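Colleague: Questions regarding the structure given below will be posed in turn.
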Amino acid sequence: MELPPHDGDKLSVVDMHTGGEPLRIILSGYPDVKGDSVLAKRRYVREQLDHLRRVLMYEPRGHYDMYGALIVDSEKPEADLGVLFMHNEGYSTMCGHAVIALGRFAVDYKLVKEPQSPETQVNIHCPCGLVRAYVEYSHGKTGGVRFLSVPAFAFATDVMIKVEGYGDVTVDISYGGAFYAFVDAQRFGLDVDRSPTGSGVTARVALQFHKGLIQLNQTRTFKSGATGSLFTGKAVEETTCGDFKAVVVEVAGRAFYTGVSCFVQEAEDNLTQGFLLK
């Protein structure tokens, strides 16, 4: 099928989801991403190529909750690939549901050496550090994925903050490749939707371990009330991160393909750079 008339380069992507959480993996169409490290490449993309994030993440090609992954070269010799994560607001340091999808994608698209059964290891250099994913592989087919996080830790607990309309609210802050503030959803009359999220599960497990609610290698299952999707998480090793006592967390889930697309832009389209509706 031929592409319609368009101005400029086409942007080719593979779309996946992990427990209902979307991921748009960019195959081609980005200019060369300059920088001698993943973090330098992240700065370059943010400062020089951010218009392409809006094109792919925003409507009419994406939506408010779209997530993206741009594969880049890594400076780490042990890494199979580097990745930059993007979303509606900018660029994140870690995305667990994306790592699960990228692990399967890397094996299927031959970004790693000869796959091994029963699991193939994929080393993914995220902005937060190196994450090791393990992809189920049997008879040429990929399946579920688990990954070992960067060191995760409880940063602060029982922090009191004032929230307009709600007064004083107590939160816990935990790190799972990115920082998360945890609060009881019922406090705000909310029912969390979509997927449990991988880095969120990592931070939750680290927080629960810190509070003595779970032990090493005790598996917790996290279920989305909206989609019913399941992630599992467990602390598998104690470690440190700077001055903090930390754990390495194993998170597991499944990712599936939803499509392959080529996006184009027309110069006369006033909305070609994208727009957002919540």
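Colleague: Here's a check for you: in region 82-91, which residue that is surrounded by fewer than 21 Cβ atoms within 10 Å (Cβ to Cβ) and either charged (D, E, K, R) or in a strand (DSSP E or B) (or both) is nearest to the chain's Cα centre (by Cα)?
Modeller: The residue in question is TYR91.
Colleague: Which one is nearest to ALA255 (Cα to Cα), of the residues in region 197-212 that are touching a strand residue (DSSP E or B) at 6+ places or on another chain (Cβ under 9 Å) and open to solvent by 30 Å² or more (accessible area, probe 1.4 Å)?
Modeller: THR197
Yes/no matrix, rows are residues, columns are (1) closer than 21 Å to ILE71 by Cβ; (2) without any contact (Cβ under 8 Å) to a residue 40 or more places away in the chain:
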{"site": "ALA98", "(1), (2)": "yes, no"}
{"site": "LYS113", "(1), (2)": "yes, yes"}
{"site": "SER117", "(1), (2)": "no, yes"}
{"site": "GLN121", "(1), (2)": "yes, yes"}
{"site": "GLU136", "(1), (2)": "no, yes"}
{"site": "PRO151", "(1), (2)": "no, no"}
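Colleague: Under 9 Å between Cβ atoms, which residue pairs at least 6 apart in sequence (or on different chains) link something in region 164-188 that is assigned by the TED database to the domain that holds ALA154 and among the small types (Gly, Ala, Ser) with a partner that is open to solvent by 80 Å² or more (accessible area, probe 1.4 Å) and in a strand (DSSP E or B)?
Modeller: SER174/PHE155
Colleague: Identify, from the list THR202, THR258, the residue that is among the polar types (S, T, N, Q) and either assigned to a loop (DSSP other than H, G, I, E, B) or under 23 Å from ASP158 (Cα atoms) (or both).
Modeller: Only one candidate passes the filter, namely THR202.
Colleague: From the list ALA226, ALA246, ALA267, pick out the single residue that is in contact with a strand residue (DSSP E or B) (Cβ under 6 Å, 6 or more places away or on another chain) and either at pLDDT 95 or above or aliphatic (A, V, I, L, M) (or both).
Modeller: Matching residue, one of ALA226, ALA246, ALA267: ALA246.
Colleague: Mind listing whichever residues of region 94-109 are surrounded by fewer than 18 Cβ atoms within 10 Å (Cβ to Cβ) and part of a loop (DSSP other than H, G, I, E, B)?
Modeller: Scanning region 94-109 gives a single hit, TYR109.
Colleague: May I pose another question? Which residue, of GLY20, GLY35, is within 21 Å of THR258 (Cβ to Cβ) and among the small types (Gly, Ala, Ser)?
Modeller: GLY20
Colleague: While we're here: Can you find a residue in region 41-56 that is in contact with an Asp or Glu (Cβ under 7 Å, 6 or more places away or on another chain), modelled with pLDDT of 95 or more and surrounded by 20 or more Cβ atoms within 10 Å (Cβ to Cβ)?
Modeller: Within region 41-56 (the criterion being in contact with an Asp or Glu (Cβ under 7 Å, 6 or more places away or on another chain), modelled with pLDDT of 95 or more and surrounded by 20 or more Cβ atoms within 10 Å (Cβ to Cβ)), the answer is no, since none of the residues qualifies.
Colleague: So which of PRO127, PRO151 ends up being within 30 Å of LEU277 (Cα to Cα) and surrounded by 16 or more Cβ atoms within 10 Å (Cβ to Cβ)?
Modeller: PRO127
Colleague: Does any residue of region 130-143 turn out to be surrounded by 18 or more Cβ atoms within 10 Å (Cβ to Cβ), in the same structural domain as ILE25 (by the TED database) and more than 27 Å from ASN217 (Cβ to Cβ)?
Modeller: no
Colleague: Quick one: how many residues across region 261-272 are touching a helix residue (DSSP H, G or I) at 6+ places or on another chain (Cβ under 9 Å) and either assigned to a loop (DSSP other than H, G, I, E, B) or open to solvent by 90 Å² or more (accessible area, probe 1.4 Å) (or both)?
Modeller: 2
Colleague: Condition (residue is open to solvent by 30 Å² or more (accessible area, probe 1.4 Å) and touching a helix residue (DSSP H, G or I) at 6+ places or on another chain (Cβ under 6 Å)) applied to region 154-168: is it met by at least one residue?
Modeller: no
Colleague: With respect to the numbered conditions (1) under 30 Å from PRO4 (Cα atoms); (2) of a type outside the set (Ser, Thr, Tyr); (3) surrounded by 14 or more Cβ atoms within 10 Å (Cβ to Cβ), which one is the sole condition not fulfilled by ARG194?
Modeller: (1)
The values are calculated or read from the model by the stated rules, or taken from the named source; none is laboratory data. Quick caveat, the model's predicted, so the values are computed rather than measured. Methodologically, a virtual Cβ is constructed for each residue, glycine included, from the backbone with ideal geometry; neighbour enumeration extends over all protein chains shown. Side chains included, ligands, DNA and RNA excluded: accessible areas come from the protein's heavy atoms. Shrake-Rupley method; radii C 1.70, N 1.55, O 1.52, S 1.80 Å.
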